[in-house]
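K.L.:
Got a structure for you, written out below as structure tokens; questions coming shortly.
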Amino acid sequence: KIMELEKKLAQVQEELNNAPVRKPTNTVDWIPRSPEKLTLTRHRSPITSIAFHPLFSAIATASEDTTIIIWDYETGEFERTLKGHTKAVQDINFDSKGNFLVSCSADLTIKIWDTQNDYICIKTLYGHDHSISSCVFLPNNDFIMSASRDKTIKIWELSSGYCTKTFTGHSDWVRSAICSDDGKYIASCSNDKVIHTQD
């Protein structure tokens, strides 16, 4: 057994020696510095959320002006405005593959936008009884989780648009809900001053 372990250790050491070497980075290198590279202005009301596309040099911004704007963050160019919500857009997020953008609004709806087809809205999800605070894709990209002022968290199936589960543990406005990277746990926070974790 010792010989096998020594052989495996030698193999691992060889792999490490042949692995690409990452240049050590100084933490100061990734801290934003003034002046900013670009200033993007187009929204008419406060901006509520921003999300990077996971693959391309695009960012999406959401605003109380009811719109979502897509920008090229390398050039600063405006790409398009997404219209569909009738009240403030509260949150936006891309799925991990960058195929879809999800948005939620004070108009009580969640919208799914197809990034590969000119960002057209392919689904509108209804089910919350009050303003929706946050929306996020779960790690498998097949489900969306939303949190609302109606004190609930909902899980939605992307393909059908149906709500598959509702969590009702909070006694006040649920501000945000997130999922662990492995998809096993969700955590939520609320105006009730409580954080809930569930599996």
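K.L.:
Would a scan of region 53-70 turn up a residue that is modelled with pLDDT of 95 or more, among the small types (Gly, Ala, Ser) and under 24 Å from Glu157 (Cβ atoms)?
P.N.:
yes
K.L.:
Let me ask another. Given the structure, is Asn93 of a type outside the set (A, V, I, L, M, F, W, C), more than 15 Å from Cys163 (Cα to Cα), surrounded by fewer than 17 Cβ atoms within 10 Å (Cβ to Cβ) and out of contact with any Lys or Arg (no Cβ under 6 Å at 6 or more places or on another chain)?
P.N.:
Against the criterion (of a type outside the set (A, V, I, L, M, F, W, C), more than 15 Å from Cys163 (Cα to Cα), surrounded by fewer than 17 Cβ atoms within 10 Å (Cβ to Cβ) and out of contact with any Lys or Arg (no Cβ under 6 Å at 6 or more places or on another chain)), Asn93 does not qualify.
K.L.:
Does Asp107 count as of a type outside the set (S, T, N, Q) and either over 27 Å from Lys37 (Cβ atoms) or in contact with an Asp or Glu (Cβ under 7 Å, 6 or more places away or on another chain) (or both)?
P.N.:
yes
K.L.:
Name the residue that is nearest to the chain's Cα centre (by Cα), counting only residues in region 49-66 that are more than 15 Å from Ile132 (Cα to Cα), surrounded by 13 or more Cβ atoms within 10 Å (Cβ to Cβ) and not hydrophobic (A, V, I, L, M, F, W, C).
P.N.:
His53
K.L.:
Which residue, of Ser103, Ser159, Ser131, is under 17 Å from Lys83 (Cα atoms), hydroxyl-bearing (Ser, Thr, Tyr) and out of contact with any Pro (no Cβ under 9 Å at 6 or more places or on another chain)?
P.N.:
Among Ser103, Ser159, Ser131, only Ser103 is under 17 Å from Lys83 (Cα atoms), hydroxyl-bearing (Ser, Thr, Tyr) and out of contact with any Pro (no Cβ under 9 Å at 6 or more places or on another chain).
K.L.:
Report yes if Ile144 is under 12 Å from Leu158 (Cβ atoms) and of a type in the set (A, V, I, L, M), otherwise no.
P.N.:
When the stated conditions are applied, Ile144 passes them.
K.L.:
Residue by residue through region 164-180, note down the ones that are in a strand (DSSP E or B) and either touching a residue at least 40 places away in the same chain (Cβ under 8 Å) or more than 16 Å from Gln198 (Cβ to Cβ) (or both).
P.N.:
Matches in region 164-180: Val174, Arg175, Ser176, Ala177, Ile178, Cys179.
K.L.:
Mind telling me which of the residues Phe100, Phe78 ends up being under 27 Å from Lys165 (Cβ atoms) and either in contact with a Leu (Cβ under 8 Å, 6 or more places away or on another chain) or buried (at least 19 other Cβ atoms within 10 Å of the Cβ) (or both)?
P.N.:
Phe100
K.L.:
Looking at (1) under 27 Å from Trp71 (Cα atoms); (2) assigned to a loop (DSSP other than H, G, I, E, B); (3) of a type in the set (Lys, Arg), can you tell me which one Lys193 breaks?
P.N.:
Unmet condition: (1).
K.L.:
Moving on. Need the failing condition index for Lys111 against (1) in contact with a His (Cβ under 8 Å, 6 or more places away or on another chain); (2) without any contact (Cβ under 8 Å) to a residue 12 or more places away in the chain, just the number.
P.N.:
Here Lys111 clears every test but (2).
K.L.:
Only one of (1) charged (D, E, K, R); (2) in a strand (DSSP E or B); (3) at pLDDT below 95 is not met by Lys151, so which one is it?
P.N.:
(2)
The values are calculated or read from the model by the stated rules, or taken from the named source; none is laboratory data. No experiment lies behind these values; they were computed from the predicted model shown. Reconstructed Cβ throughout: ideal geometry from the backbone, glycine too, with neighbour counts over all protein chains shown.
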